[in-house]
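Notes follow once the structure below has been shown.
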Amino acid sequence: MIYNIPFFTVVALIAIGMYAMLFKRNLIKMAIGLTIVESGVNLFLITLGYRKGGFAPIFTDLPPDVSPADIPGKMVLPVPQALTLTSIVIGVAVLALILSLAINIYRHYGTLESEKVRRLRE
Amino acid sequence: MNIMDHLPALVIAIPLLTAFLTPLIDRVSRKARNAVVFIALALTFILAILLVQDVFDNGIQIYVMGASSTTQTIPTQAAVPIRIVLEIDGLSAFMVLISVLISLLGLIYSFSDIKERGGRFYTLFLLMLVGMLGMELTGDLFNLFVFLEVTSIAAAALIAYEFRRGSTSEAALKYIIISSIGALFVLFSIGLLYGEYDLLNMAAIAQAMQSTHIDKIALVLLFSAFALKAGAAPMHMWLPDAYGEAPGAISMVLIPTTAASMYALFRVCFTIYNESLHAIIPAVIIIFGLLSIFIGVTMALVQDDIKRLISFAAVAEVGYILLAMGVGLYGFLNSEEYTVTALRGGMFHLFNDVLDIGLLFLVAGGVIYATGERSLNKLGGLAHSMKYTSVLFLVGLAAAAGLPPMNGFASKIIIYESVYKVSPILSIIAILASIMMLAVFIKIFQAVFTGPKLTECREVPKPMLASMIALAALIIFFGLFPDMVIEHLVDPAVNALMNYGAYIQAVMGVGT
Amino acid sequence: MILMMLKTIGGFWDPLILVLAAIVVAIIAYIIRAAGRRNHKTGEQAKPFFSGVAEPSKEAMHVRASNLYWGFTEALKGYYTSMKKMHSGMLNDYIGWFVGIAALIFVVLFVMEVL
Amino acid sequence: MIEINLFEVLIVVLSVFMIASAVIAVWFKDLLASVISLAAMSLVLSLYFYILHAPDVAIAEAGVGAALTTAILIITIRATYRMEGEK
């Protein structure tokens with residue numbers, strides 16, 4: 001039961017982020033919401049790889065009582081960690097692009113509220 | 001080392017390296033930069049054609065990164081593929097051909113269209129091509145996600161390229177936020193699938209697929225995210241914004257990026273989930289298709305901005321493809337005999353859509369280039385001064401509206417007939433919408449090209465004309481010889497869609 | 001030359017036959033046109049007559065794009081009003097449509113399971 | 001006697017902290033405050049990664065997620081305006 005808590009956290013984070021993106025009108029607030037959703041997804045990936053009683057997937061940093069032969073069952077899965085690293089970097093790139101676009105929008109529109117940033121409609 | 005063995009990697013690597021080389025060369029000379037970009041893309045085009053030829057002749061090609069041999073998918077110590085695998089079957093090859101061809105033509109167009117500070121433009125342009133090609137070539141779900149994000153970021157930066165008009169930033173912001181939410185959905189469902197099967201390779205997942213509840217949740221997330229990126233109504237609102245505000249040829253090159261998402265959608269439905277796909281999904285695709293056709297055509301009729309009007313028409317064309325593919329998927333799941341025809345119509349229409357709407361976007365870009373005006377209400381009588389462009393627009397109009405003997409008609413008649421087998425109402429709606437599409441384009445032609453000379457302007461420069469003429473020639477060729485195109489280009493893609501077993505077997509070895 | 005044809009479910013489609021037919025029709029039309037009278041009068045008679053009102057300039061008479069399908073859009077006013085409401089241009093609405101559609105598919109898929 | 005496992009206590013505490021700071025980040029009208037709250041959430045997330053045995057990801061999240069994200073958000077708020085719904 002207690003090991004399901006990270007999954008509940010994931011669901012809560014995604015729900016909070018989605019709430020911000022759906023109901024907050026400020027574009028920077030929406031970017032913050034996107035970051036929260038992304039944190040939730042990253043946490044989800046890391047939690048997937050976690051194994052109870054496992055240890056970090058660093059080969060040179062094994063505990064002294066573990067021989068390399070019984071690594072497979074004992075190590076936390078490394079692949080989701082690699083995925084998460086990639087996802088973090090992509091997330092920052094996307095956020096930087098969003099924010100630079102937001103600054104340019106502010107220069108032209110004088111506002112960042114989504115109900116006013118809508119010259120393109122119909 | 002035989003260069004032919006490394007084609008799949010080279011096709012991605014050449015534009016990727018050139019993309020980051022371009023800003024450096026740009027400091028030296030602008031001409032040299034143009035030449036380097038053009039040569040790199042032409043080389044990519046040639047290599048892509050060799051690759052496509054190879055795939056169509058010899059079947060599925062595999063390229064494994066980092067293994068001792070490029071075809072060793074499963075390492076000797078492991079039971080499943082763990083390396084990055086590029087897998088190219090007929091469908092991928094078909095999509096690669098479309099992407100590279102359209103990018104090349106778009107590049108030639110951009111040489112005269114993009115004037116100031118072009119270095120960044122070409123970097124982003126090549127990165128967008130890399131993203132598309134990566135999505136189409138990869139055999140790995142996580143790579144698909146990464147390349148999806150590469151495409152989205154590059155495309156958003158390109159849409160906002162004319163940053164002095166504020167509305168471009170607005171369109172780009174909407175595009176990037178919507179696509180990164182879609183991408184997060186994709187990442188989440190990759191996590192679900194990985195948690196269940198410990199696999200990321202698409203063929204391996206397809207083999208292990210058991211259709212549990214988790215698989216269904218992943219299916220819904222993947223499906224809705226890729227349908228969003230493909231521009232299916234009612235999630236299409238970002239598409240007219242993005243296409244309408246993008247500079248010149250980028251509107252055209254954005255069509256293959258949506259087509260790449262459509263490819264991902266078909267890959268998920270036909271290959272990964274194949275027969276265990278939930279029966280509701282074909283119906284959902286058909287509904288998306290009908291809504292896209294209807295909303296796209298009716299909304300296009302009332303637009304006043306030339307590019308935005310064509311963008312809504314592009315939504316309708318997406319609808320035709322989705323309609324045909326939905327019917328094909330329905331037939332595929334129930335082993336009906338019209339399946340091949342429907343899929344053939346859908347894939348052929350995908351190519352035609354890129355060509356027809358692409359030509360219209362190029363003409364619209366030419367009109368904006370020559371007059372500096374986007375509003376249809378202020379334009380008029382351009383045929384007096386832009387004769388070639390007007391004729392090219394007529395070709396695009398006839399093709400996109402599906403007038404015989406153009407290519408649009410050839411694919412649409414296949415779609416009508418196959419859709420008729422499922423329900424006559426579907427094909428009636430499709431035909432009516434096609435007639436309305438003609439009315440939509442007549443509106444542009446009447447308002448912009450005919451009438452007294454209202455706007456003073458000159459004919460567009462030669463590189464722009466050259467790429468438009470190349471597109472028009474392709475359209476006419478496709479229109480006059482549809483059987484050849486279907487036999488040599490479309491049928492391998494359709495076979496690849498139907499024959500998911502071969503896709504799995506190519507990676508997983510004997511036994512599926 | 002062998003005419004190539006694209007076989008469909010109900011028959012075949014051959015653009016070359018259509019092109020040939022179009023050429024034949026064009027020739028016939030040209031022959032008919034060539035047989036017409038050549039002494040057509042120009043000048044005062046060719047002008048349109050608006051109850052004596054002077055004809056506006058050609059520039060003023062060009063039908064602009066938004067007036068072109070006025071009747072059609074007027075007849076479908078209700079539909080277009082709802083469409084304009086749907087295409088509000090607000091980013092929150094775009095996201096809402098996406099999440100809503102995903103949720104809808106989700107619900108339909110699992111309701112189908114239960115039934 | 002209930003045996004208290006440090007790991008279990010930590011994940012409960014960190015989850016509560018994360019959710020609370022995410023809620024605050026969305027709730028505050030002052031964008032600067034909500035960015036700081038977001039940074040706190042990222043920091044807690046990085047701790048979370050560490051106790052889930054992903055030290056490399058934890059470093060990346062602390063450096064990129066907590067520091068860089070906060071920096072670019074603050075730069076944007078300085079270039080635009082601070083209170084949500086102000087303009």
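A short reminder: the numbers here are calculations on the coordinates, not readings from a lab. Nothing here was measured: the structure is a model prediction, and the numbers come from that model. Positions of Cβ are generated from backbone atoms using ideal geometry, with glycine treated the same way; all protein chains shown enter the neighbour counts.
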- Task: Using label points projected 7 Å from each Cα along Cα→Cβ, tell me how many nm separate residue B:69 and residue D:51, to one decimal.
- Result: 5.0
- Query: What ranking of B:362, A:13, B:489 emerges when the number of other C-beta atoms within 10 Å of each C-beta is taken as an exposure proxy, fewest first?
  - Reply: B:489, A:13, B:362
- Message: Let me confirm one metric for peptide C:16-23, namely the mean number of other chain beta-carbon atoms within 10 Å of its residues' beta-carbons.
- Response: 2
- Residue order, fewest to most beta carbons within 10 Å, for B:198, B:26, B:89: B:198, B:26, B:89
- Task: Would you calculate, for chain C, the mean residue ellipticity at 222 nm contributed by helices, counting each DSSP H stretch of 4 or more residues as -39,500 (n - 2.57) and dividing by all residues, to the nearest 500?
- Result: -18000 deg cm²/dmol
- Could you tally the net charge around residue C:62, taking each other residue with its Cβ under 12 Å from the Cβ of residue C:62, Lys/Arg +1 and Asp/Glu -1? +3
- Task: Enter the Cα centre distance for the pair region C:94-115 and region B:105-137, rounded to the nearest angstrom.
- Result: 37
- Please give the direction-averaged projected area of the C-alpha convex hull for the protein assembly as shown, in square nanometres with one decimal. 42.6
- Please list the non-local residues whose amide H lies under 5 Å from the amide H of residue A:26, H modeled 1.01 Å from N, same-chain partners needing a gap of 5 or more. A:114
- Amide H contacts under 5 Å for residue B:305, placed H, 5+ residues apart: B:376
- For region B:365-445, what ratio Rg/Rh do Cα atoms give with a Kirkwood hydrodynamic radius? 1.11
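Give the relative contact order (percent, whole number) for region B:1-118; include only Cα pairs under 8 Å separated by 6+ residues. Don't skip to the answer; put the middle values down first.
Values: 107 pairs, mean separation 29.6, N = 118.
Relative contact order of region B:1-118: 25 percent.
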- Using just the helices of chain B, give the 222 nm mean residue ellipticity in deg cm²/dmol: DSSP H runs with n ≥ 4 each add -39,500 (n - 2.57), and the total is spread over all residues, rounded to 500. -24500 deg cm²/dmol
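Order of B:437, B:65, B:325 from fewest to most other C-beta atoms within 10 Å?
Values: B:437 26, B:65 13, B:325 30.
The most exposed by this proxy come first: B:65, B:437, B:325.
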- Item | Summed side-chain charge close to residue C:78 - residues other than residue C:78 whose Cβ falls under 15 Å, Lys, Arg +1, Asp, Glu -1 | +2
- Please build a GNM for chain A, connecting alpha carbons under 10 Å apart, and tell me which residue among A:43, A:95, A:62 fluctuates the most. A:62
- Message: Compute the angle between helix B:141-159 and the longest alpha-carbon principal axis of chain B, please, reported from 0 to 90 degrees and rounded to the nearest 10.
- Response: 10
- Message: In whole Hz and in residue order, list the ³J(HN,Hα) couplings for region B:119-125 that follow from phi through the Karplus curve 6.51 cos²θ - 1.76 cosθ + 1.60, θ = phi - 60°; x for Gly and Pro.
- Response: x, 5, 4, 5, 4, 5, 4
- Message: Out of the trypsin sites (Lys or Arg not before Pro) in region B:440-512, which ones are loop residues according to DSSP with at most 15 other C-beta atoms within 10 Å?
- Response: B:453, B:458
- Query: So what's the gap between the Cα centers of region C:65-93 and region D:5-43, to the nearest angstrom?
  - Reply: 44
- Filter the cross-link list B:387/C:85; A:24/C:84; B:462/C:85; B:229/B:421; B:31/B:443; B:387/C:47 down to pairs whose alpha-carbon distance in this structure exceeds 32 Å. B:387/C:85; B:462/C:85; B:31/B:443
- Message: Through the Karplus equation 6.51 cos²θ - 1.76 cosθ + 1.60, θ set to phi - 60°, convert the phi angles of region D:35-44 into ³J(HN,Hα) values in whole Hz; use x for Gly and Pro.
- Response: 5, 4, 5, 5, 4, 4, 4, 5, 5, 4
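Rounded to a whole number of µm²/s, how large is the Stokes-Einstein D of region B:227-286 at 4 °C and 1.567 mPa s, given Rh as the Kirkwood radius over C-alpha pairs? Please list the in-between numbers first.
Numbers: Rh = 12.7 Å.
The estimated diffusion coefficient comes to 102 µm²/s.
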- Point-to-point label distance, residue D:75-residue D:33, nm (Cα→Cβ direction, 7 Å offset): 2.6
- Among C:100, C:52, C:11, whose mean-square fluctuation peaks in a Gaussian network model of chain C (Cα, cutoff 10 Å)? C:11
- Item | ³J(HN,Hα) computed for each position of region B:163-178 - Karplus, 6.51 cos²θ - 1.76 cosθ + 1.60, integer Hz, glycine/proline x | 6, 6, 8, x, 5, 5, 5, 4, 4, 5, 4, 4, 4, 6, 5, 4
- Task: Please report the relative contact order for chain B, taking Cα pairs under 8 Å with a sequence separation of at least 6, and give it as a percent rounded to a whole number.
- Result: 16
- Other residues with Cβ under 14 Å from the Cβ of residue B:361 give, with Lys and Arg +1 and Asp and Glu -1, a net charge of -3
- Note on the structure: Mean separation of Cα contacts under 8 Å (at least 6 apart) over the residue count of chain A, i.e. the relative contact order in percent, is 27
- Euclidean distance between Cα centres, region A:28-70 to region B:424-446, Å: 53
